[in-house]
Amino acid sequence: MVDKSINHSLKFDDFNKFISEESHSLPGWITKERVHALKTLDSFESSLMKSSTWKNTKLDFMINNFFEKEFKEKRSSKNLIKNKLLDKTEYFTDSIRIYFYGGVFFSDEELPNYISFLRQEYSEKHKSIFSLSNRSNRQALPCLLNNIISKDALIIKTKKNQNIENLIHIIHLPHHNLNVAPRINIKLAENSSIKILEEQYQSNKSIINNLIDIKCDTNASLELYKINHAQQDSFHIDNSYIDQNQNSKVKIFNLDLGGNSANSLINIKLNGENSEGACSTLFMPTENRSSHQNIVIDHLSDKTSSSVNFRGVINDDALGSFYGKVRVAKERKQTLAFMQNKNLLLTDNAKISTIPILEIYNDDTECSHSATSGSLDKEKLFYLKTRGINEDDAKDFLIKSFIDELASQIKSRRLRDYVNEIIAGNYKV
Amino acid sequence: MAKILSIKNLHVDVGNTTILNGLNLDISAGETHAIMGTNGSGKSTLAKTIAGHPDYKIRSGKIKYMDHDLSDLSIEERSNLGLFLGFQYPIEIPGLSNTAFLKASINAKRKYQGQEELSASDFLINLKEKSEMVEIEQRFLSRGVNEGFSGGEKKRNEILQMLMLDPTLSILDETDSGLDIDSMKVVASGVNAIRTMETALLIITHYERLLNYITPDYVHVLHNGCIIKTGDINLAKELEERGYEWLINP
């Protein structure tokens, strides 16, 4: 018998009412997808929500407040853009800027033909964006909820051999008391390459359920930088699904400053021979925020390699968690996989949970995993102080050195400086 | 000569164990003292206690550094007043460059003494000169503090820090351990460069060989946490030939 306890919290009457009200302004095929997602939600096995992915998160906060929030933004985005972003423009003057606000994507510049928005045409050829076929069980609930309320998608589709020089800067503007579900769909054609910075500004009292699907064809290359500014009283999920074909390379760098409950779920499938997936994350919640990091990498072909490097800096009364799994399928040979999670707890009340797992079903594999957690090294502090550096500055140096070991791996100087500036501006020892 | 360090009847505990038992030592400006002794005699404990390591508790006795009661000074204040400890096992700090670290140290001292920060160009000129003295290549300076350094390189890096900070009292805790002859000569040359009539040196060592390059005015033998014999370089030579037994069990 299916445990329906979560389903009792989900207000199906409210969902039905929501879908019905919105159906007037949406094409029929979108409404059908929403109804289909709701039916799937009804049969959803909620016992999965007690799994390691979700047990530390405040999922009930999202579910209980789902219809307490607005779905449409009443404030104008113009002032937000002007006030928030002008001072940042010097970093990425040649970037292509796309905004997400109040449930829709838009831009204030002419966009190249490899970028479009679903709501420009609501063409049914994009139906596959809402497919549920590749979703893992652990990510099912947020995906289904995204399918139900998402009314727009950002679509990026490169051509064969297309190397995009400009940085694509996706900016999620701050929301207040809103429930939004941004949807991003990226298809990188054979031999194409792209660099993307996705930035989530601080929202207040909101639910943000972000879903990004990425398909990398043969020899395609992606650098993806994700910055989640510290969220205020908001529930934030970031789901990323990445499917990689032969010889493709994906590098992800994440900076997560936490939220009321901030959750990042990454799934990388290395489907093609010689494909490489690497993910580095700095998660740094402060005050009473939390940051939950979850990554699963499937090695589904021969000669694939992956690298997972997560560092948590947990301050004040904050909570962090890391769940990392690398799976090597039985028939797969010559796999290289590396997973490391290091955490720094800066106060007695800071908490961390870390679970690194290797599931290896083949001997022809080189894998390692490690997890360490602790406070600032006393001997290092002493060493710095014997050189005249005071306690606060010494702690600051050690925290920065801990962070910098990861941040220094960002190849682009501009992005590295930008990330360091955000860390310095938001994070005080 | 002005007294730089004065230790009276010092008893120091580490955890529940008393390591120093009534140690007395006076060091005046212009002097070089060496402390020798068997393993566990308390040599490093003495060095760390003077530097202010929190695990080393002064149960009784006094340490005066120049005109200050050392127990009134924090670790960083001791350093800013010209006290330097060369570590036996220098610490690695990846992610914090040697250059940034040295600049922060120098400017912390200057700020404490009411001086302006050193300009970037003056700092770099000084750094280049001192790093050449201890044969540390420029490319090492952008690396993390002691990151990937060999044992000898770490010890030379300690001497580089000492040269840059220009201390009044330098305590070198087994700086010679693990060094080959060439590295020892480089280290000794660096140390001798800061010996003046206004500064003082306390060398902690197991072996006589460093003292052939840095001639001490006094050699003290530490045993069971207090000094049992004081002499000059000839005492060190005798210890090298006869060991410690004749002193410990006369």
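The values are calculated or read from the model by the stated rules, or taken from the named source; none is laboratory data. Keep in mind it's a predicted model, so treat the numbers as computed, not measured. Cβ: placed from backbone, ideal geometry, glycine included. Neighbour counts: every protein chain shown. Just so you know, the surface numbers come from the protein's heavy atoms only, side chains and all, with ligands and any DNA or RNA stripped out. Shrake-Rupley method; radii C 1.70, N 1.55, O 1.52, S 1.80 Å.
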- Query: If R0 is 56 Å, what FRET efficiency do you get for residue B:8 and residue A:413 from their C-beta distance, rounded to 0.05?
  - Reply: 0.50
- Message: Need one word for the stretch A:83-182: rounded, prolate or oblate. Basis is the Cα gyration tensor (sqrt eigenvalues a ≥ b ≥ c); a/c below 1.5 gives rounded, then a/b vs b/c decides.
- Response: oblate
- Query: FRET efficiency for residue B:125 and residue A:159, Cβ-Cβ distance as r, R0 = 60 Å, nearest 0.05?
  - Reply: 0.65
- Message: For chain A, what does the accessible surface come to per residue with a 1.4 Å probe? Please give it in Å².
- Response: 41 Å²
- Message: I need the calculated FRET efficiency for the pair residue A:72 and residue A:12, taking r as the beta carbon distance and R₀ as 22 Å, to the nearest 0.05.
- Response: 0.50
- Query: Under a GNM of chain A (C-alpha, springs under 10 Å), which listed residue has the highest mean-square fluctuation: A:241, A:361, A:201?
  - Reply: A:361
- Query: Of all the accessible heavy-atom surface of the stretch A:294-429, with the other protein chains kept in place and a 1.4 Å probe, what percent is carbon and sulfur?
  - Reply: 44 percent
- Message: Give the average over all directions of the projected area of the C-alpha convex hull of the stretch B:3-248, one decimal, in nm².
- Response: 13.0 nm²
- Note on the structure: Partner shielding of B:66-78, as the mean number of partner chain Cβ atoms within 10 Å, equals 2
- Rounded, prolate or oblate: which one fits the protein assembly as shown, using the alpha carbon gyration tensor with axes a ≥ b ≥ c (rounded when a/c is under 1.5, else prolate when a/b beats b/c, else oblate)? prolate
- Solvent-accessible area lost in complex, 30 Å² minimum, residues of the stretch A:393-414 relative to chain alone, 1.4 Å: A:397, A:401, A:405
- What spacing in nm lies between the two simple spin-label points modelled at residue A:176 and residue A:371, each 7 Å away from Cα in the Cβ direction? 4.0 nm
- Task: Per DSSP H run of n ≥ 4, the term is -39500 (n - 2.57); total these for the protein assembly as shown, divide by its residue number, and report the mean residue ellipticity at 222 nm rounded to 500 deg cm²/dmol.
- Result: -8000 deg cm²/dmol
- Task: Determine the gain in length on full extension of the stretch residue A:349-residue A:39; use 0.36 nm per residue of separation and subtract their C-alpha separation, reporting nm with one decimal.
- Result: 107.4 nm
- Task: Would you mind telling me which residue in A:356, A:182, A:27 has the biggest mean-square fluctuation in a Gaussian network model of chain A, where springs connect alpha carbons within a distance under 10 angstrom?
- Result: A:27
- Within a 10 angstrom radius of each residue's Cβ in A:377-384, how many Cβ atoms of other chains show up on average? Whole number is fine. 6
- When Cβ neighbours within 10 Å are restricted to other protein chains, what is their mean count per residue of peptide B:92-101? 5
- Residue-ordered couplings for the stretch A:219-228, obtained by feeding phi - 60° into the Karplus form 6.51 cos²θ - 1.76 cosθ + 1.60 and rounding to whole Hz (Gly and Pro as x), are 6, 6, 9, 10, 10, 10, 10, 10, 10, 10
- Item | Alpha-carbon centroids, the stretch B:112-140 and the stretch B:21-48: separation in whole Å | 30 Å
- Note on the structure: Among A:251/A:400; A:55/A:215; A:400/B:128; A:400/B:130; A:380/B:128; A:11/A:187, the pairs whose Cα-Cα distance exceeds 32 Å are A:11/A:187
- Rounded to the nearest 100 Å², the accessible area hidden between B and A, summed over both chains at a 1.4 Å probe radius, is 1900 Å²
- Relative to the Cα centre, what is the charge dipole magnitude of chain B, using +1 at the beta carbon of each Lys and Arg, -1 at the beta carbon of each Asp and Glu, and rounding to the nearest 20 debye? 400 debye
- Task: Would you mind telling me the antiparallel percentage of the DSSP bridges in the protein assembly as shown, rounded to 5?
- Result: 20 percent
- Note on the structure: residue A:393 and residue B:230 label points (each 7 Å along its Cα→Cβ direction) are spaced in nm at 3.6 nm
- Task: Pop out the carbon and sulfur fraction of the accessible area of chain B as a percent, whole number, probe 1.4 Å.
- Result: 47 percent
